[in-house]
Amino acid sequence: MQWMTIYKKECLESARNYKWVWVPLVFILFCIMDPLTTYYLPQILESTGGLPEGAVFDIPTPPAANVFMMSISQINTLGVLVITLITMGTIAGERKSGVAELILVKPVSYTAYVTAKWAAHVTLVLLSIFVGLIASWYYVQLLFGDVSFMYALITAAFYSLYIILVISISLFMNTWTKIPGVVLFLTISIILVLNLITSIFSHLLEWSPTTITSHLPALLRSGEVGQDLWMAALITILLIISLLFGAIQTLKRREIV
């Protein structure tokens, strides 16, 4: 009952802030932007006068799977920033205002408080991403060719693990500081460092969570989940669990102090 009450409260607060409206719309925009601009790029250049007189702009049509992956790339950059922005004050803001202290002095467990907030944001973000990727799939089908809907769903499911990891990192940082801006900075910094370390030591970190995206094009084309992707997904799940446990313990220690 505690967990469900906090979860509903968090979802209701998101509804009052219109997050259930504007967050899906933002992700739909991110996801359809590249397919549309790629398809209509010659017309856009022609209408803006970007070509010399008599010049012909002729580029080969990219494969449909590659265009769908462009949408995931947009989420991987702009989308991650939006996710961090909407989660940076979920606990830090309540700790700063004293709301968290009022909730936790009641018989509310730290586990229920942290995991319910985490689940509410996971629900909002994943629903928004899936709606955006379905919109992308529709335009890719319409403009570029066939992409298996089932393969696209499986691809989105594996990618969602990385997104949940981003939310978990942000939530963990929420328990370290009461300043939402610092949460934003630390979360983005950790993601950038993780990507940098993985790219430098790629031969040693083949199962890093950041490698999930690099395995998705093959999955989207064939529908086969490779061993490296399975292992990267498993490592990601273990990191998510560790971050949630760490967030609960950190919040408990800091609030008791």
May I ask you to list pairs of residues, at least six apart or on different chains, whose Cβ atoms are under 9 Å apart, with the first in segment 39-65 being β-branched (Val, Ile, Thr) and the second being at pLDDT below 75?
Ile44/Gly50; Ile59/Pro42
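Being under 16 Å from the mean Cα position of the chain (by Cα), surrounded by fewer than 19 Cβ atoms within 10 Å (Cβ to Cβ), of a type in the set (S, T, N, Q) and within 20 Å of Thr236 (Cβ to Cβ) narrows it down to one residue among Thr123, Thr155; which is it?
Numbers: Thr155 fails: surrounded by fewer than 19 Cβ atoms within 10 Å (Cβ to Cβ).
Going through Thr123, Thr155 in turn, the sole match is Thr123.
Considering only residues that are over 23 Å from the mean Cα position of the chain (by Cα) and of a type in the set (Gly, Ala, Ser), which ones fall in segment 126-152?
Keep residues of segment 126-152 that are over 23 Å from the mean Cα position of the chain (by Cα), which gives 141-146.
Within segment 126-152, Gly145 is the sole residue that qualifies.
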Tabulated pairs, segment 97-118, first closer than 18 Å to Lys178 by Cα, second part of a loop (DSSP other than H, G, I, E, B), C-beta under 6 angstrom, 6+ apart or interchain
Lys117/Thr90
Of all residues in segment 75-117, which are more than 25 Å from Pro24 (Cα to Cα) and not in a helix (DSSP H, G or I)?
Gly98, Val105, Lys106, Pro107, Val108, Ser109
Kindly provide the set of residues from segment 223-248 that are in contact (Cβ under 8 Å) with a residue 40 or more places away in the chain and either out of contact with any helix residue (DSSP H, G or I) (no Cβ under 8 Å at 6 or more places or on another chain) or part of a helix (DSSP H, G or I) (or both), ordered by number.
Leu229, Ala233, Thr236, Ile237, Leu239, Ile240, Leu243, Leu244, Gly246, Ala247, Ile248
Looking at Val140, Val131, which one is among the aliphatic types (A, V, I, L, M), crowded, with 24+ Cβ neighbours inside 10 Å and assigned to a helix (DSSP H, G or I)?
Val140
Based on this model, can you work out whether Leu205 counts as assigned to a helix (DSSP H, G or I), of a type outside the set (D, E, K, R) and over 13 Å from Ile163 (Cα atoms)?
no
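Scan segment 211-257 residue by residue and report those that are closer than 30 Å to Lys178 by Cβ and among the aliphatic types (A, V, I, L, M). Give the derivation first.
First, pick out the residues of segment 211-257 that are closer than 30 Å to Lys178 by Cβ: 236-257.
Passing the criteria: Ile237, Leu238, Leu239, Ile240, Ile241, Leu243, Leu244, Ala247, Ile248, Leu251, Ile256, Val257.
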Segment 96-151 - residue that is under 19 Å from Arg221 (Cα atoms) and β-branched (Val, Ile, Thr) and, of those, modelled with the lowest pLDDT:
Val147
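The values are calculated or read from the model by the stated rules, or taken from the named source; none is laboratory data. Values in this document were obtained by computation on a predicted structure and should not be read as measured data. Positions of Cβ are backbone-derived with ideal geometry, glycine not excepted, and every protein chain shown enters the neighbour counts.
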